[in-house]
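These notes concern the structure reproduced below.
The values are calculated or read from the model by the stated rules, or taken from the named source; none is laboratory data. Keep in mind that what you see is a predicted model, and the values were worked out from it rather than measured. Don't worry about glycine lacking a Cβ; one is built from the backbone with ideal geometry, like all the others, and counts go over all protein chains shown. Note: accessible area is taken over every heavy atom of the protein model, side chains too, but ligands, DNA and RNA are not part of it. Shrake-Rupley method; radii C 1.70, N 1.55, O 1.52, S 1.80 Å.
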Amino acid sequence: MKLQQLRYIWEIAQHELNVSATADSLYTSQPGISKQVRMLESELGVPIFARNGKHLTEITDAGKQIVAIAGEILGKAQDIRNIAQDHKDNKAGTLAIATTHTQARYALPPVVREFMALYPGVKLHINQGTPTQIAELASHGLVDMAIATETIDHFENLVQLPCYEWNRCILVPNGHPLLALDKISLHDVAEYPIVTYVFGFTGRSQLDRAFDKLGIHPQVVLTAVDADVIKTYVRLGLGVGIVARMAYDPVIDSDLTTINAEHLFGRSVTKICLRRDMFIRSFIYDFIRLFAPHLTQEVIHDALALKERHEVEELFKPIVLPVR
C-alpha cells in the first residue's frame, strides 16, 4: 500500500468518480491512476469502486470506509510535512484555504495581499466549494482551514472560531418602489420576486428561517452562489436581491441601491474552522490574526484544547466581534 494510491482513491471520490478529471487535477495520466487503484484493490482483496466496463459507478461499502481512512492518513502525512518544513524554514511553505465564493471574493483579498507581503515564500491555494465540501477538506487535513458562515456541526473534529459578524442588504435598481418606504418589512420584500443565494451558502438558512417564522412564502425566482451573478439579474429586473452587505460596491454598483436588512434577518457570523489535532505552522497563526485580530495564538490554543462545542462558544462570549 502506497501513499500515492491512497491519494488517488481519495481524489477520485472527491471528483465524483471521474478518473479523467482526477488525472487532470493531479497532473498525471488516467491509465496510471486506474492501474494503481487496481493494484491497491488487488492487495486489499476487496473492490473499492464498483464498475460498469471501464467506468466507475459507485464506491463500495468497504470502499467508503477505506476512502474515509485514506483521507485521515493523507491529512496526518501533511501534518508531518508541515512540522518538518516549519523547523526547516518557517517563512516558506503552502497555505491551503477552503472557503465559499463570498469570502474568497469580498472578505479575503485585503488579508491575502497583506499576508503575501509578509510571507512572499508561502504559496497560497484557495479552494471554493459548499460549506459541507470545504468542511470535509478541513476535517481530513487536506486544507489548513475552512472559512464559512453556515454551521458545520456534524464535523466533530473541527473547532469553529468566530471571526466577524456581517449584515445583509436588499439590493434593488435605482428608483425601485421599495426605496419609498421608511422601514421595510419582510412582507414588503415578499411582494416582489427574490434573487438570492443557493441554500447552504452565505447564511441562506438564516434568511429562510426569518420568512418561515412569519409564515411568509417568498417567490425565490433565481438562486446563485455568486453575489455578482445575483446583482446581474437584479439589474435585468428579474427581482430584488438579498446579498451580504460586503458584496455591494458603491462605485461598481452605482446603478443599484441598498436597503438595510439587518432588522429583518439579523447578523450572521463567519468562522474559521480548524482541525482539533492539526499542527499549526507559525504563518498560519499570522494569517488568522490578519483575518480576525482577536484570534491570537493563545486564544486558538485554548479553543482547540476544549472538547465540547458549548465550551468553545462560552470561551468567545466575552469577545465583541467586528461587524462588516
**Message:** With unit charges on the beta carbons (Lys and Arg positive, Asp and Glu negative) and the dipole taken about the Cα centre of the stretch 170-255, which residue among G175, Y197, Y233 sits farthest to the positive side?
**Reply:** Y197
**Asked** Per residue, how many Å² of accessible area does the stretch 26-138 show with a 1.4 Å probe?
**Response** 57 Å²
**Complete:** So the angle from the long Cα axis of helix 109-118 to the longest Cα principal axis of the chain, reported in degrees to the nearest 10, equals 50 degrees
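Per 0.36 nm of contour for each residue apart, how much would the distance between Q30 and D89 grow if the chain were fully extended, relative to their Cα-Cα spacing? Please report the intermediate quantities before stating the final value.
Numbers: separation 59, 0.36 × 59 = 21.24 nm, distance 3.51 nm.
The span from Q30 to D89 would gain 17.7 nm if fully extended.
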**Qualifying aspartates and glutamates (Cα of each under 18 Å from Cα of K213; at least 8 residues distant if same chain)** = D188, E191, E262
**Message:** For the stretch 133-268, take every pair of Cα atoms, bin their distances at 10 Å starting from 0, and report each bin as a whole percent.
**Reply:** 11, 40, 31, 14, 4, 0
**Prompt:** With charges only on Cβ, +1 for K and R and -1 for D and E, what is the dipole size of the stretch 12-135 about its Cα centre, in debye, rounded to 20?
**Reply:** 280 debye
**Prompt:** Dividing the alpha-carbon Rg of the stretch 1-76 by 2.2 N^0.38 Å yields what?
**Reply:** 0.98
**Prompt:** R0 = 22 Å: FRET efficiency of I126 with K76, Cβ-based, nearest 0.05?
**Reply:** 0.45
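Could you sort I252, I242, I59 by their accessible area in this structure, using a 1.4 Å probe and putting the largest first?
Details: I252 110, I242 0, I59 40 Å².
Descending order: I252, I59, I242.
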**Asked** Roughly to the nearest percent, how much of the accessible area of the stretch 1-115 is carbon and sulfur, given a 1.4 Å probe?
**Response** 52 percent
**Message:** When 1/r is averaged over all different Cα pairs and the result inverted, which Kirkwood radius in Å belongs to the stretch 129-202?
**Reply:** 15.4 Å
**Complete:** Per-residue ellipticity at 222 nm attributable to helices in the chain (runs of n ≥ 4 DSSP H, -39500 (n - 2.57) apiece, nearest 500 deg cm²/dmol) works out to -12500 deg cm²/dmol
**Message:** How large is the accessible surface of C163 in square angstrom, using a 1.4 angstrom probe and rounding to the nearest 10?
**Reply:** 0 Å²
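Would you mind working out the accessible area per residue for the stretch 234-324, using a 1.4 Å probe, and quoting it in Å²? Walk me through the numbers on the way to the answer.
Working: 4370 Å² over 91 residues.
Accessible area per residue: 48 Å².
Once the mean 1/r over all distinct Cα pairs of the stretch 183-260 is inverted, what Kirkwood radius in angstroms do you read off? It would help to have the intermediate numbers written out before the result.
On the way: mean 1/r = 0.0776 Å⁻¹.
Evaluated on the stretch 183-260, it is 12.9 Å.
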**Message:** For Cα pairs less than 8 Å apart in space and 6+ apart in sequence, what is the mean separation divided by the residue count of the stretch 20-111, i.e. the relative contact order in percent?
**Reply:** 11 percent
**Heavy-atom SASA rank of E16, E313, E191, E262 (probe 1.4 Å, accessible area, largest first)** = E16, E191, E313, E262
**Request:** Enter the Cα centre distance for the pair the stretch 235-275 and the stretch 283-324, rounded to the nearest angstrom.
**Result:** 25 Å
**Prompt:** For the stretch 1-128, what number of Lys pairs, 8 or more residues apart or on separate chains, have alpha-carbon atoms under 26 Å from each other?
**Reply:** 15
**Prompt:** Given a Förster radius of 45 Å and the C-beta distance between E114 and K2 as r, what FRET efficiency does 1/(1 + (r/R0)^6) yield to the nearest 0.05?
**Reply:** 0.70
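Using the scaling law 2.2 N^0.38 Å as the reference, what is the normalised Cα Rg of the chain?
After normalising by residue count via 2.2 N^0.38 Å, the value is 1.13.
Tally up the carbon and sulfur contribution to the accessible surface of the stretch 168-239 as a whole percent, 1.4 Å probe, everything protein left in place.
Working: 1960 of 3590 Å².
Answer for the stretch 168-239 is 55 percent, counting heavy atoms of protein chains only.
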**Asked** Contour minus end-to-end for D61 and N157, with contour as 0.36 nm per residue of separation and end-to-end as the Cα-Cα distance?
**Response** 32.3 nm
**Prompt:** Which of the aspartates and glutamates could a cross-linker bridge to K307, judged by Cα under 18 Å and excluding same-chain residues fewer than eight apart?
**Reply:** D153, E156, D277, E298
**Prompt:** Expressed as a rounded percentage, what relative contact order does the chain have, with Cα pairs under 8 Å and six or more residues apart?
**Reply:** 20 percent
**Prompt:** What number, in percent, do you get for the relative contact order of the stretch 25-76 if the mean sequence gap of Cα pairs under 8 Å and at least 6 apart is divided by its residue count?
**Reply:** 21 percent
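Specify whether the C-alpha gyration tensor of the stretch 166-228 places it in the rounded, prolate or oblate class, a ≥ b ≥ c being the square roots of the eigenvalues: rounded for a/c under 1.5, otherwise prolate if a/b is larger than b/c and oblate if not. Could you put the intermediate results ahead of the total?
Values: a/c = 1.71, a/b = 1.24, b/c = 1.38.
Note, shape of the stretch 166-228 comes out oblate.
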**Request:** Using only Cα atoms, find the angle between the long axis of helix 3-14 and the longest principal axis of the chain, and express it within 0 to 90 degrees, rounded to the nearest 10.
**Result:** 30 degrees
**Item:** Overall dimensions of the stretch 50-132 as given by Cα atoms, namely Rg and Dmax in Å
**Value:** 17.9, 52
**Asked** If R0 is 41 Å, what FRET efficiency do you get for M39 and D277 from their C-beta distance, rounded to 0.05?
**Response** 0.85
